[in-house]
Amino acid sequence: MIPELGLLSMGLALCLAIVQGSLPLAGAWRGNHRWMALAAPAAWGQFTFLSLAFACLAHAFLTNDFSVAYVARNANSALPWYYKFSAIWGAHEGSLLLWALMLAGWTCAVCLGSRQLPRTMLARVLAVMGMISVGFLLFLIATSNPFERLLPNVPVDGNDLNPLLQDFGLIVHPPMLYMGYVGFSVAFAFAIAALLEGKLDAAWARWSRPWTVLAWAFLGLGIALGSWWAYYELGWGSWWFWDPVENASFMPWLTGTALIHSLAATEKRGVFKSWTVLLAIATFSLSLLGTFLVRSGVLTSVHAFATDPARGVFILGFLLLVVGGSLGLFALRAPAVANPVGFGTWSRETLLLVNNLLLSVAAAMILLGTLYPLVLDALSGAKLSVGPPYFNALFIPLMALLMAATAVGVAARWKDTPVRWLAAMLGPVLAASLALALGAAALADSAPLAVAVVCLLATWIVLGGLRDIFDKTRHKGLITGLPALGRSYWGMQLAHLGFAACALGVVLNSVGSLERDLRMAPGDAVELGGYQFVFDGTAPHDGPNFVAERGTVRVLREGRQVGLLHPEKRVYHVQQATMTEAAISAGLTRDLFVALGEPLADGAWAVRVHIKPFVRWIWIGALLMALGGMVAAADRRYRARTVARAPQAADPTQVRA
């Protein structure tokens, strides 16, 4: 009866979502406070019932209830308990239930964290989020029921979780990614609520900004965890493949990055209102598009869920409804987002506009490269693959321009900036960056030009940030001035530092990686990048639901052992799937990566050996960006009971962020 209780809980959650999405909106229109007051209780009730449904599904997995079809397809009695629990979101139906639960959780968080909002605004925000919940719960109940039974033909045991997913990465990566995806629904709800109210001002931007930054941080963290998971799990030694499903999560992160910068301009100066609304719509729409790509069956990917394409029709219809409805509302309310505020060429507004353009073009370029092969296949049947050469050729120059603009944008003032003052601020920074870049190029073993450019741009961002900190604290003194800058400012600096570190890691790893694929018998050794890898053979190893051949590779440098690696080749009992488990010796400046290929004659193996310089900097940079977002979202200004209007009439030389 527990699975039936879970299905009943989802149905009750749907009923409450319908109430949440309708009556408060009507109440805000008619000024009925009782109807508006229903939004928060309906949201809490929906969260309670979805939590109960999730708990019912977790019980089915942990007790091996193979009468539930979803459990039978994705679990096995020999599966460790922590993989049984994470298997809840390891396939289509459970991942949608997790999505719906997180959406309800974000809605409750808005109820708790937005008590300073006017009653009508909060009612509209919660109503929009309720409408989104209705769409997902209808999809979940009508097409993707995770509690469907196999009675009376109950299997003795389950088919087991996909061996590729039996990893710590499954426990942390999808929940973080979904937190970002779903979190952008809050920014979308604020934008739609502001359009419905016909009032897009500094207050609206300030209310929306912390939720947007927090969602952006979660999504960035989820993408970084996915990159790290693919790096060590797939055995290819790469951290990014421009896979269509990877692109699906990266596009809303790019537009979300533009959105948080646009919100800052709207809050401070009342500019870019149209940009901000459209970016909020685009970011959430791209999150929905990612759902469509992963769950529709149109993609073949190690990341995608192969499902009934009919489900994709439902999601595509929902996506068209959201995009079409929100853009139609924007067109109707366009006069309300008129932008009478002006600014000069060398102003922070101009640099933020450049930021928005570059990030939007980058997202559009990735969208084109991802969808064009699908559209071409649907229209003509022709098969076309768009790979890394296309994405790298267009994306890298855009990011280089973005890095060049970042330090200038931090130093520039609102409304206008004297060019001589800006040159005096950044001239020493440019000179120091050039000197460091030339030194790095002289030390580079390969691609000195690429190394020089990325070092120039990264140090330009870092030193530019330090120069701005010094400028903002020079009158108060460093000790007293630093705390006064605020968490939002420090979050920005952390995120920019992470951006620089990530860019350094990407380029230095790409141009400096070394790899060899070779045959190695016990006792054989190979020299690579100053390291000697000695293969000592393999030995059988038994896991909880697999058997493996575990290799032993000693790593020597100048005759001294610096690492002992144990790559594995696993065969999982139930699905008889063969998986490669790479062994990695991690370091701040390099990773030593060894993976076993296929067994050969006389105890020999095909072995892949990599040296990956600065690869950890990619994930360190991503973590710093996510941490910066969380620090910025915790700024006390966003919890103020009252919200000041943008300082539009202030002296342009004094208005500073």
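The spread of Cα positions in the stretch 426-475, taken along each principal axis and listed from longest to shortest, comes to 45, 13, 13 Å. Using a cut-off of 31 Å between Cα atoms, the listed pairs 415/476; 84/383; 268/612; 268/476 include 84/383; 268/612 as exceeding that distance.
For residue 564, project a label point 7 Å along Cα to C-beta. Then give me every residue of the stretch 586-626 with its amide nitrogen under 18 Å of that point. Flagged as within label range: 586, 592-594. Taken along the Cα-to-beta-carbon direction at a fixed 7 Å, the label points for residue 357 and residue 475 span 3.3 nm. Does the stretch 308-449 come out rounded, prolate or oblate by the C-alpha gyration tensor, with a ≥ b ≥ c the root eigenvalues, rounded set by a/c under 1.5 and, if not, prolate when a/b is larger than b/c and oblate if not? The shape class here is oblate.
What's the Cα-based Rg to Rh of the stretch 448-544, Rh via Kirkwood? Mind showing how you got there, number by number?
On the way: Rg = 23.2 Å, Rh = 17.9 Å.
Rounded to two decimals, Rg/Rh equals 1.29.
On the chain, 67 percent of the accessible area sits on carbon and sulfur atoms, based on a 1.4 Å probe. In a simple Cβ point-charge model (Lys, Arg +1; Asp, Glu -1; nothing else charged), the chain has a dipole of about 3080 debye relative to its Cα centre. Residues in the chain average 41 Å² of solvent-accessible surface per residue, probe 1.4 Å, ligands and nucleic acids excluded.
Within the set (1) 26.8; (2) 28.5; (3) 32.4, the number that mean projected area of the Cα convex hull in nm² takes when calculated for this structure is listed as (3). Roughly speaking, what is the stretch gain from residue 368 to residue 81, that is 0.36 nm per residue apart minus the C-alpha to C-alpha distance, in nm to one decimal? Contour length minus the Cα-Cα distance gives 99.2 nm. Ordered by 1.4 Å accessible area with all protein chains kept, 612, 383, 476 run largest first as 383, 476, 612. Placing pseudo-labels 7 Å out from each Cα toward the beta carbon at residue 37 and residue 331 gives an inter-label distance of 4.0 nm. If you sort the three axes of the alpha carbon gyration tensor as a ≥ b ≥ c, you get a/c of 1.5 or more for the stretch 497-581 and a/b no higher than b/c, which makes it oblate.
Modelled spin-label separation between residue 55 and residue 30, with each label point placed 7 Å from Cα along the Cα-to-Cβ direction: 3.6 nm.
For the stretch 28-37, putting each phi into the Karplus relation 6.51 cos²θ - 1.76 cosθ + 1.60 with θ = phi - 60° gives couplings of 5, 6, 9, x, 8, 5, 5, 5, 4, 5 Hz, in residue order, rounded to whole numbers and with x for Gly and Pro.
What shape does the stretch 1-117 take by its C-alpha gyration tensor, where a ≥ b ≥ c are the square roots of the eigenvalues and a/c under 1.5 counts as rounded, a/b above b/c as prolate, and the rest as oblate?
prolate
Can you compute the FRET efficiency between residue 8 and residue 517 using 1/(1 + (r/R0)^6), with r the Cβ-Cβ distance and R0 = 60 Å? Round to the nearest 0.05.
0.65
The values are calculated or read from the model by the stated rules, or taken from the named source; none is laboratory data. From a predicted model like this one, the values you see are computed outputs, not experimental measurements. No Cβ is skipped: glycine too gets one built from the backbone with ideal geometry, and neighbour counts run over all protein chains shown. For the accessible areas, the whole protein counts, side chains as well, though only heavy atoms, and no ligand, DNA or RNA atoms are used. Shrake-Rupley method; radii C 1.70, N 1.55, O 1.52, S 1.80 Å.
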